[in-house]
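A.B. asks: So that we are looking at the same thing, I have put the structure below in structure tokens.
The values are calculated or read from the model by the stated rules, or taken from the named source; none is laboratory data. Owing to the predicted nature of the structure, the values given are computational and were not obtained by experimental measurement. Please note: Cβ atoms are built from the backbone with ideal geometry, for glycine as well, and neighbour counts cover all protein chains shown. Surface areas here come from the heavy atoms of the whole protein model, side chains and all, with no ligands, DNA or RNA. Shrake-Rupley method; radii C 1.70, N 1.55, O 1.52, S 1.80 Å.
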Amino acid sequence: MQKYKYTAVNLKNQKIKGTFIAKDERDLAEQLAKQSLFLTSASVYSGNTPSAFFTLGTGKVTIPELTTFCRQFAIMLSTNIPLLECIDILKNQSFSGYFKKILDVIYDDVKSGIVLSEALEKHAKVFPDFFRSMVYVGEMSGRLDMVFNALADYYEKDMSQRQKLRSALSYPMMLFFMMIAIVILMLAVIIPTFKGALADLDVPIEGITKVVYDISDFLIMWWRVIVIVVILVGVLIFLFLQTEKGKYTLDVLAVKIPLFKMIQVNSLTARFARAFALLLNSGMDLTDAMDSVAVVLTNRYMKQHFITAADYVRHGMSLTNAFESIGIFPSMLTKMITIGERTNSLSDVLTRSCSYFDAQLEASFNSFSSKIQPIMMVIMGLVVGTMFIAVYSPMLSIMSTL
């Protein structure tokens, strides 16, 4: 017996699509004929994730799409629309072609009797682990509408934090590339022009001017080699960062470099508090919640230490002591967890503390911007100032001899 995806027409010549289990296509046609349906086409149904290539997709569902999907799903479930009908409505919404294909497969699976969490499990590369865990919890607790609504809130907040992070980094990056462009322009164009103009004058070239002139000569003579070396180094660094060791090294640096540490730690703490509270509020057991929430810790260094803490809790240690032993989260989170454990209201305490950690993250963004911008301006001023001194010091020497 095989599962087929078919297209058929009824007595009114209306096109009908669906799935059916049959021995072969002939058996499928006979079974459909009993329902006054006439088979037009059929193919073996695999239920696998469709390829993103033919829809120009990325193989991932974007956060805005996932947020809209969760919000609309929650609204329909809260109005008592059947689950299968909800998916049927959603797969006809204005999502990307790739996401619609995914929803088509999920619809067929649910229609055939598979529960939603199992249907999503087939698309583990598309839907985040945390998302799939929450759907499973919602099914088990019978509060799927509440879970989808909470997931929409979570992804909206997470998307807002990502945008703020990009905004905080955009201006310093612009200053950095502007500084590189100015340095290259001066070394490749301006300094050679001044050097040629002063070549016939009896002006001693020494000190910082000689160093800058030598750098300019080297750049002009070997620029092709320099470009090739820069590209090769860039490719090697990129390839290294694609390995697990490279990604782990980058994540370690993110929590060790002072300016970036406060953003990374506060960002993941805010995300963890919201996700952990969401899991506990949905009725998940503490140890299971810790296993599921680890996926939101995208920093591998922090995630590794968190998994160690989860193992401590699994062996009987309190959550407070486990977090104190790994020391990756701010002390305020540990204090809030202590209060939650003592009052047996951990999920409520974490839910209420989310606003505090959001404020801390906002303060981190502001602090980063207020510190990095002056630093970049000072570096840019020193580099450009050095170039101008190197250029104009011979001219000042000429004027002093007049």
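A.B. asks: Under 20 Å from Ser78 (Cβ atoms), buried (at least 18 other Cβ atoms within 10 Å of the Cβ) and either among the small types (Gly, Ala, Ser) or at pLDDT 85 or above (or both): does that describe Phe148?
C.D. replies: yes
A.B. asks: When both residues are 6+ apart or on different chains and their Cβ atoms are under 8 Å apart, which pairs have a first residue that lies in the stretch 343-355 and is within 23 Å of Gln161 (Cβ to Cβ), and a second that is surrounded by 14 or more Cβ atoms within 10 Å (Cβ to Cβ) and among the polar types (S, T, N, Q)?
C.D. replies: Filtered contacts from the stretch 343-355: Ser347/Asn281; Thr351/Asn281.
A.B. asks: Here's another thing I want to ask about it. Which numbered condition in (1) among the hydroxyl-bearing types (Ser, Thr, Tyr); (2) under 20 Å from the mean Cα position of the chain (by Cα); (3) open to solvent by 10 Å² or more (accessible area, probe 1.4 Å) is the only one that Thr269 fails?
C.D. replies: With (1) among the hydroxyl-bearing types (Ser, Thr, Tyr); (2) under 20 Å from the mean Cα position of the chain (by Cα); (3) open to solvent by 10 Å² or more (accessible area, probe 1.4 Å) applied to Thr269, the lone miss is (3).
A.B. asks: If I ask for residues that are open to solvent by 70 Å² or more (accessible area, probe 1.4 Å) and of a type in the set (A, V, I, L, M), which ones from the stretch 343-387 would you list?
C.D. replies: Ile375, Met377, Val378, Ile379, Leu382
A.B. asks: Determine which single condition Val293 fails, assuming it passes every other condition in (1) part of a helix (DSSP H, G or I); (2) under 30 Å from Gly138 (Cβ atoms); (3) without any contact (Cβ under 8 Å) to a residue 60 or more places away in the chain.
C.D. replies: Here Val293 clears every test but (3).
A.B. asks: Among the numbered criteria (1) closer than 25 Å to Leu253 by Cα; (2) assigned to a loop (DSSP other than H, G, I, E, B); (3) open to solvent by 30 Å² or more (accessible area, probe 1.4 Å), which one does Ile328 miss?
C.D. replies: (3)
A.B. asks: Just to be sure before I move on: is Leu278 closer than 19 Å to Asp348 by Cα, in contact with a Phe, Trp or Tyr (Cβ under 8 Å, 6 or more places away or on another chain) and of a type in the set (A, V, I, L, M) in the structure I sent?
C.D. replies: yes
A.B. asks: Let me ask something else. Give me the helices (runs of 4 or more DSSP H) completely within the stretch 174-266, filtered to those with at least 3 residues that are charged (D, E, K, R), ordered by residue number.
C.D. replies: 207-221, 244-254
A.B. asks: Could you identify the single residue in Ser133, Ser112, Ser96, Ser78 that is in contact (Cβ under 8 Å) with a residue 40 or more places away in the chain, of a type in the set (S, T, N, Q) and buried (at least 18 other Cβ atoms within 10 Å of the Cβ)?
C.D. replies: Ser133
A.B. asks: So which of Lys3, Lys60 ends up being modelled with pLDDT under 70, among the charged types (D, E, K, R) and over 24 Å from the mean Cα position of the chain (by Cα)?
C.D. replies: On inspection, the qualifying residue turns out to be Lys3.
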